[in-house]
Structures are given as structure tokens and as C-alpha cells.
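K.L.:
Starting off with a structure, shown below.
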Amino acid sequence: MKIKKISPDVRRRKINFHSEAKWHKRMLWRLREDSQFLRSVVQFSFLLLCLWIGAEFYLFMEWGQSAGTLPYHQRPPGAEGFLPISALISLKYWIQTGIVNTVHPSGLFIFLAIMVIGVFMKKAFCSWLCPVGTLSESLWMLGQKIFGKNLRVPRWLDYPLRSIKYLLLLFFAYSIFQMDVPTLKEFIYSPYNKVADIKMYLFFLELSSVALWIIIVLAVLSLVVKNFWCRYLCPYGALLGFLSTLSPIKVTRNTSSCVDCQLCTKACPSSITVHTATTVRSDECSSCYACVEACPVKNTLVMSARGTDKPIPSSVFGALVVGVFIAITGLALLTGHWRNGIAKEEYLKRIQNIESPLYQHNRGQVATYGPND
Ligand code: SF4
Ligand code: SF4
């Protein structure tokens, strides 16, 4: 394809942010005009928030494992955001009964926030907020620095690999779909689910050699292949990819002003052929703005809502992603659904007996339990 000439009046000039001497003005200017800088700031702020939740959970566990001899530290409800299966079960229970469960209520609201972002802003959660997405992106960028480029998986292998995450999603969705209300309730209020966050913490703290090797292999693959985990294995990403087909906001290309330079395709971390699309409908698009940022022609590649060609600036888009997340999790806080109903004494008792068969599960089946468990 022949690259057309860009007339000077439509060429997007690179902004020299260093021309602004005052650092705070320079920062604000960059946040407004450089979508990738803004996205990195949002990503790393969210990563820091997750690390803070992790540190709080550590202090809570120190208290619990000391049998309450160390000072009490409250469990951070945000940890429930790392229990997507439990959240999916909570969602179905809520839809069928109208009841927000009192075991992991914040997990349900965090899950809802992510789904709403998916419906309206495609997979923006993956590229703007998800801590695993941030680590994944940092790894392939590091790989690019070390090896000079990332490996491109050939299409014949890429398609079947991409279907793995949908198969995993199908497996979880089908298993949960089959559960009736009493079964959902039995799972939600089971001793296992009550300590699911604690079990997850202990799993990562006491990693088995198999789990450690799996993480190492995934990290190495993420160094060489862009977003290996997100693209091929993450069922959360599959669910968001599915929901993203409903999204009214999409990247659109103005074919009359496009000069066919292909810079958008080269910039896309999801390997989407942007330069031939009029509207990017791919389930892999994470609304990251990298293609929009790379396009050298004014108003040619834009993020816009269906029915309008008015570009949505990255600053507005980023504010929407963060705003929806804060609004829905804030709603949980305001309506008293943020903290769960498990008392500290109950946690203390359960942490002391965490190795009991009550807290094991076998292929999704929780152990039989009684009213006093
Ligand atoms: S098409 Fe554009 S917005 Fe979508 S993932 Fe690729 S670079 Fe990001
Ligand atoms: S839309 Fe893509 S191919 Fe067209 S001018 Fe912009 S970067 Fe180049």
C-alpha cells in the first residue's frame, strides 16, 4: 500500500512538553495531551492501590496468625476484587434473589464496576486499571528493550491460543449457570468461601514449586509475547472481550484523510490491523489509545461514540473509566455494602483452623458444613 503525503495543515505535530518550565504545568499539560502518559499514571496509581490493599491484608493476617496477640488490623474489603469466581456467583445470586450477600459484598460491586466499564468502554479495564494488565504491559516493554522487539505469534497459532480464555470462561460460566439458588447460597455462605481471600493470600505466600514454575514461565512468555496472559489465558479478559461487542465507544478511522502509513497497526499492542478498519470491532481492543496517539494526521483516527464522529479526548475517557469505578464502589460504601458481615472473632477462629477440611474444596464442590461451621 502506497503511503500518501500529509499536508502540513493536517499533520499532528509532536508536542515539546519541555518548553514549559514549570513542572506542575508541564505535568498537567502532558496528562491532558499525552494519552499514554495519562494511562501510565492511572495504571500505576491503581497498582499502588492494590499494593496498599496487599499490605493491609498482610497486617490483618499477621494479627490473625498471631491468635490475636498482635494489634488488630482490619481486613481491607478491596481484597475481594481478587475473587472473580466468587463475584460471578454473587452476581447470579443477586440477580435471582435481589440479595447482596454479606460474605463478599465489595467483590460483587467491584465486579459490577468492571462489567459496566466493559459494556460502555470495551476492555478499558485491562489497559487502564487492571494490575495484572499493568505488569503484563511492563514485562513486554522490558522484553522489547532487552531483545529489540517482541515475538509475533503467527495467525494459525494465535487464533486457537486466543480461544483458550473463552473456553475457560465457558467452563466457569456453565458451572455457575447450572447452580440453582440453594446451591449458590450454599457456596456463598460456606466456610470455604468465607476464607477464600485468606486461602488466596496463603497460596501466594506459600507458593508450591509447581505454581512458582508456572508463574516464571508466564513471566518469561510475557517478556517475549505482548500481553501473553491477557491475550490467551485470562477468563476475565474473555468476559470483557465478549461484553465489549456491546460498547458504543470504538476507535474509528476516517478513510478519506488516512494516508495509509500503518503507524496505528504498528502501535497496537493487541496486534489489530487498525489501518484497514473503518471501525475497530475486535474483541481484543483494550481502548488503550496507542493507535490514536500514533496517528500522524489530525482527526483521522479517533475514539468516538456510535452515531457521532466527535473525538473523545483521552483525558475524558480516562476520567470516565476511573469515575465509573469510583462511583460503583462508592455506591457500595454509601449503601453499607462495602464491609462484609464477618466479625473479627469469627476470622480469628477460622484463621486458627485454616488447614481444616472445612476450608478445602474439591473441583468447585465445597465441604459439607453445618450451621455452627
Ligand atoms: S486498536 Fe487502538 S485502542 Fe484498540 S488495542 Fe489497538 S492500539 Fe489500543
Ligand atoms: S489511521 Fe493509521 S494508517 Fe491511517 S494515517 Fe492514521 S496511523 Fe496512518
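The values are calculated or read from the model by the stated rules, or taken from the named source; none is laboratory data. Everything numeric in this text was worked out from a predicted model, so none of it was measured. Reconstructed Cβ throughout: ideal geometry from the backbone, glycine too, with neighbour counts over all protein chains shown. Ligands, DNA and RNA are excluded from the accessible area calculation, which covers all protein heavy atoms including side chains. Shrake-Rupley method; radii C 1.70, N 1.55, O 1.52, S 1.80 Å.
K.L.:
Any idea which of (1) surrounded by fewer than 16 Cβ atoms within 10 Å (Cβ to Cβ); (2) of a type in the set (Phe, Trp, Tyr); (3) over 28 Å from Arg75 (Cβ atoms) is the one Tyr166 doesn't satisfy?
P.N.:
So Tyr166 meets the others, but not (1).
K.L.:
Here is a further query. Filter the range 222-262 for residues that are part of a loop (DSSP other than H, G, I, E, B) and away from ligand 2 (no atom under 16 Å from the Cβ); which is most open to solvent (accessible area, probe 1.4 Å)? Spell out how you get there, then give the answer.
P.N.:
Going through the range 222-262, the residues part of a loop (DSSP other than H, G, I, E, B) turn out to be 225-227, 234, 245-248, 254-262.
From what is left, the residues that are away from ligand 2 (no atom under 16 Å from the Cβ) are 225-227, 234, 245-248.
Details: Val225: 11, Lys226: 42, Asn227: 31, Cys234: 25, Thr245: 82, Leu246: 106, Ser247: 0, Pro248: 42 Å².
Ranking the candidates gives Leu246 first.
K.L.:
Okay, next question. Just one of (1) under 27 Å from Asp158 (Cβ atoms); (2) at pLDDT below 95 trips up Asn353, so point out which.
P.N.:
(1)
K.L.:
Now for a different question. Select from the range 351-373 the residues that are touching a Pro at 6+ places or on another chain (Cβ under 7 Å) and not hydrophobic (A, V, I, L, M, F, W, C) and list them in ascending order. So that I can check it myself, show each step before the final result.
P.N.:
Taking the range 351-373 as the starting set, the residues that turn out to be touching a Pro at 6+ places or on another chain (Cβ under 7 Å) are 358-359, 367, 369, 373.
Tyr359, Tyr369, Asp373, listed by residue number.
K.L.:
I'd like the residue in the range 145-163 that is open to solvent by less than 70 Å² (accessible area, probe 1.4 Å) and in a helix (DSSP H, G or I) and, out of all such residues, is farthest from Cys234 (Cα to Cα).
P.N.:
Pass one, the range 145-163, residues open to solvent by less than 70 Å² (accessible area, probe 1.4 Å): 148, 150, 153-154, 157-158, 160-163.
Subset that is in a helix (DSSP H, G or I): 157-158, 160-163.
Details: Leu157: 17, Asp158: 15, Pro160: 14, Leu161: 11, Arg162: 10, Ser163: 10 Å.
The residue in question is Leu157.
K.L.:
So which residues in the range 287-301 are open to solvent by 20 Å² or more (accessible area, probe 1.4 Å), under 23 Å from Ser40 (Cβ atoms) and more than 9 Å from ligand 2 (Cβ to nearest atom)?
P.N.:
If the condition is that a residue be open to solvent by 20 Å² or more (accessible area, probe 1.4 Å), under 23 Å from Ser40 (Cβ atoms) and more than 9 Å from ligand 2 (Cβ to nearest atom), then Glu293 is the only one that fits.
K.L.:
Select from the range 58-73 the residues that are buried (at least 16 other Cβ atoms within 10 Å of the Cβ) and farther than 19 Å from Asn353 by Cβ and list them in ascending order.
P.N.:
Listed by number, the residues that qualify are Leu59, His73.
K.L.:
Still on this structure: Scan the range 10-63 for residues that are basic (Lys, Arg) and closer than 30 Å to Cys126 by Cβ and report the count. Steps first, please.
P.N.:
To start, the set of residues in the range 10-63 that are basic (Lys, Arg) comprises 11-14, 22, 25-26, 30, 32, 39.
Those left that are additionally closer than 30 Å to Cys126 by Cβ: 12, 14, 26, 30, 32, 39.
Final tally of qualifying residues: 6.
K.L.:
Among the residues of the range 288-302, count how many are more than 7 Å from ligand 1 (Cβ to nearest atom) and closer than 14 Å to Gln36 by Cα. It would help to see each step written out before you state the result.
P.N.:
Step one: list which residues in the range 288-302 are more than 7 Å from ligand 1 (Cβ to nearest atom), which gives 293-302.
Subset that is closer than 14 Å to Gln36 by Cα: 293-295.
Qualifying residue count for the region: 3.
K.L.:
For the range 263-279, how many residues are open to solvent by less than 60 Å² (accessible area, probe 1.4 Å) and either farther than 24 Å from Glu137 by Cα or assigned to a loop (DSSP other than H, G, I, E, B) (or both)?
P.N.:
8
K.L.:
Sort out which residues of the range 1-54 are among the basic types (Lys, Arg), in contact (Cβ under 8 Å) with a residue 12 or more places away in the chain and either in a helix (DSSP H, G or I) or surrounded by 14 or more Cβ atoms within 10 Å (Cβ to Cβ) (or both), and write them in order of number.
P.N.:
Taking the range 1-54 first, the residues among the basic types (Lys, Arg) are 2, 4-5, 11-14, 22, 25-26, 30, 32, 39.
Add one more test, that the residue is in contact (Cβ under 8 Å) with a residue 12 or more places away in the chain, and what stays is 2, 4-5, 11-12, 30, 32, 39.
Result: Arg12, Arg30, Arg32, Arg39.
K.L.:
Among the candidates Tyr359, Tyr369, single out the residue that is open to solvent by less than 70 Å² (accessible area, probe 1.4 Å), away from ligand 1 (no atom under 16 Å from the Cβ) and touching a Phe, Trp or Tyr at 6+ places or on another chain (Cβ under 6 Å).
P.N.:
Values: Tyr369 fails: touching a Phe, Trp or Tyr at 6+ places or on another chain (Cβ under 6 Å).
Answer to the selection: Tyr359.
K.L.:
Given the criteria under 24 Å from Trp94 (Cβ atoms) and open to solvent by 20 Å² or more (accessible area, probe 1.4 Å), does Phe204 qualify? I'd like the intermediate steps shown before the answer.
P.N.:
Working: under 24 Å from Trp94 (Cβ atoms): no; open to solvent by 20 Å² or more (accessible area, probe 1.4 Å): yes.
The answer is no for Phe204.
K.L.:
I need the full set of residues from the range 259-284 which are away from ligand 1 (no atom under 11 Å from the Cβ) and either among the aromatic types (Phe, Trp, Tyr) or touching a His at 6+ places or on another chain (Cβ under 7 Å) (or both), in order please. Walk me through it before giving the result.
P.N.:
Let us first name the residues in the range 259-284 that are away from ligand 1 (no atom under 11 Å from the Cβ), namely 259-262, 276, 278.
Hits for the range 259-284 are Asp260, Gln262.
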